[in-house]
Each structure stands twice: as C-alpha cells, then as structure tokens.
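Structure record follows, encoded as structure tokens.
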Amino acid sequence: MANKIYHKHFTHPIFFFIASVFVLESLTTTTALFGSMTQPPTSPRHRTGKCTKKERQALLHFKSYIRYDPEGRLTTWTPGEEEKVATNDCCYWSGVTCNNQSRVTSLELGNKDLEGKISPSLLNLSYLNYLDLSGNSFNGTIPMFIGSMTQLRYLYLGWNDFSGTIPSELGCLQDLYLYNNQLDGTISEKVWQLPKLQRLDVSSNFLKGAISEKIEKSNILSVNLSNNSLEGVPLEANMSNISSIEDIDLSSCKLGPRFPKWIQTMKNLSSINLANTGISDNIPEDFCVGPSRRIENKPKPCYTNPLASAESKLASKPG
C-alpha cells in the first residue's frame, strides 16, 4: 500500500489551553465518532428466489477488476453450476448481503487485502445501499458513476490508494469516508449540499483550498478534515449559525492565527480538535463545547476547568 499520512504531534506551548480542551477530546472520541461506521445490513432469514443473473454477472465483473486477492477472499464468487445453490446464488457469496427479494444491498469487503480498481459494473447493482472497500489497496480515481448509484447511502473507501479529486456528484450518500488516500484538489461546494450526508471523513489526504461557506447550510453531524492543507471559510462574516455539526476535527489545517469566527457559530458542538492549526488567539469566553451548551443559564466562561469539562462530557456518554 502506498505511503500514508499520519497525524502530527502537537507540541507548541502557546496552544496549551487549546490542547487541553481539544486534544483530549480527539484522543478519546475520534475513534468512536469518526472511525466507527454504520453497521451493514444483515440478510433476512427468508428470501424469495436467487439473486438475478444481472447482479451475479455484475459481481463477477467487479471481481475481474481485482488484481490481487492473497487470502482468497473472493473464492466463493464463481459462476457455479445450476444445481449448486451456494455458488450459483450470489447472495451466499462472501461479503454479499441481499434483501428478502434476493437483490444485492450490501458489499462488505473491508480489510481483505484486495488490490485493484472499482468496476463500473456496480451500476448494475441497482439496490446497493452499503459499500465498504476500506482498508485495501484499491487505486485509480474515485469513479464518477458513484453519483448515479441512487440507492447508495454508505460509502467507505478509507485506507486505500485512491488519487485525483473527490467527485462533485455523489448521489444521496449519508456516510462518506475517504480518509488516508492520496486525494488532492478542493472539496466541492456540492459535497456540503448533499441533502442526506451526516458523516464526512476526508482526513489525511492532500486536499487544499478554502472550506466553503456552504458548510453553514449542510445537514452534516460529524466532520473530519484533519491532516490536509485546507484553510478556513473566506466569507465567514456572512455566517451566523452552523447548527448541525456536533463533532469536527480540523487538526493540522491552516486556520490561524486568530480564532475563526465561523467556528464560533457552531451551536451544537460536542467535540472539536484544533491542534496544529496555527491558532495563537485566546479562545472566546462564550465559546462552548460539550454538555455545558445544554445547561441553561450557565455562567461564562464555559470552561472554568477545561479538563474537567472534557471529562464530564466523556462521562456523560453512554457506555
């Protein structure tokens, strides 16, 4: 797998206050919030018939684009013989989930040491809702046809070797995880305008440019933009209320030296990481993170003890 980008250590003493508030949040919550993916659907106990020939051929074509499968993860993906149900019916194949009508709804092939490209045959899986190819060595660009997969809601392509830009047309995704690839260019305004998008992780790539002010109108709950060369929102004076975002990681982006006003408009934050962002400003006294936002008439500043506030937030999370 190609070289990956790793988080830098945070050492500058001028950021002690920011570190105490935010880095603890990052160490304890980033894995849970940004690393956790929606669980794939499970196959129903009772199905009608077998998967269709069209979908079986689509999966076999997808397999033909895999150049390397050292563990034989796709050995069950064979044309089969008519009398051998387990091989002929692609709903029984490894990593494949079907609905009760025997239509393919999920491909869960994460961390299988696969190497290759994504076949356009996925377009023939018209019911595909969940696609997990994370933790492999897929390469090339992220296919433009992703935007035409109208039923796809969960796309996990992190820890691969994809290069090029993020497509501007991404259909109706709810989760988009592209972390630890070789992606460059900017994040299109259209990404922030995806109506169903709730979780976005494009950390540890080579993305650059400004973060669009369209983030204010997005419905996203969790955002990870860390370890890129992204800059702040250039038209932040026009922004007043980013109400949807609950968790955001901006570490190692270029945001300083002053504390960005657009971040202050985030009204429902539970956690934020601003390490290594070049911010040398003091944190505004009325800027709050965590459950203290939900306590009415709480005196300012919100953090009388940053670590205690962070710990109280963690303690309040359900186990």
Taking the Cβ of each residue in Phe287, Phe145 as the centre, tally the other Cβ atoms inside 10 Å and list the residues starting with the fewest. Phe145, Phe287
Quick one: which of 127-133, 220-226, 50-56 comes out on top by average Cβ neighbours within 10 Å, and what's the full order, highest first? 220-226, 127-133, 50-56
Peptides ranked, highest mean first, by Cβ atoms within 10 Å: ranges 98-107, 271-280: 271-280, 98-107
For Thr141, enumerate residues with amide H under 5 Å from its amide H, sequence gap 5+ or separate chain, H modeled in the peptide plane. Ser163
Write down the Å³ per residue value for the convex hull defined by the alpha carbon atoms of the stretch 88-177. 94 Å³
What distance in nm lies between label points placed 7 Å from Cα along the C-beta direction at Ser137 and Ser243? 4.9 nm
Roughly how big is the stretch 106-255's charge dipole about its Cα centre, with Cβ charges of +1 (Lys, Arg) and -1 (Asp, Glu), in debye to the nearest 20? 300 debye
Set the Förster radius R0 to 35 Å, insert the Cβ-Cβ distance between Ser94 and Lys254 as r into 1/(1 + (r/R0)^6), and round the FRET efficiency to 0.05. 0.20
What is the order of Leu125, Leu255, fewest Cβ neighbours within 10 Å to most? Leu255, Leu125
Can you sort Leu157, Leu74 by how many other beta carbons sit within 10 Å, fewest first? Leu74, Leu157
Within the stretch 74-214, count lysine pairs with alpha carbon atoms under 28 angstrom apart where the residues are 8 or more positions apart or belong to different chains. 8
Give a residue-ordered list of calculated ³J(HN,Hα) values for the stretch 150-157 (Karplus: 6.51 cos²θ - 1.76 cosθ + 1.60, θ = phi - 60°; whole Hz; x for Gly, Pro). 5, 9, 6, 10, 10, 10, 10, 10
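Values quoted throughout were computed directly from the atomic coordinates according to the rules given, and no laboratory measurement underlies them. Bear in mind the structure is a predicted one, so any value in this text is a computation, not a measurement. As a convention, Cβ positions derive from the backbone with ideal geometry for all residues, glycine included, and neighbour counts pool all protein chains shown.
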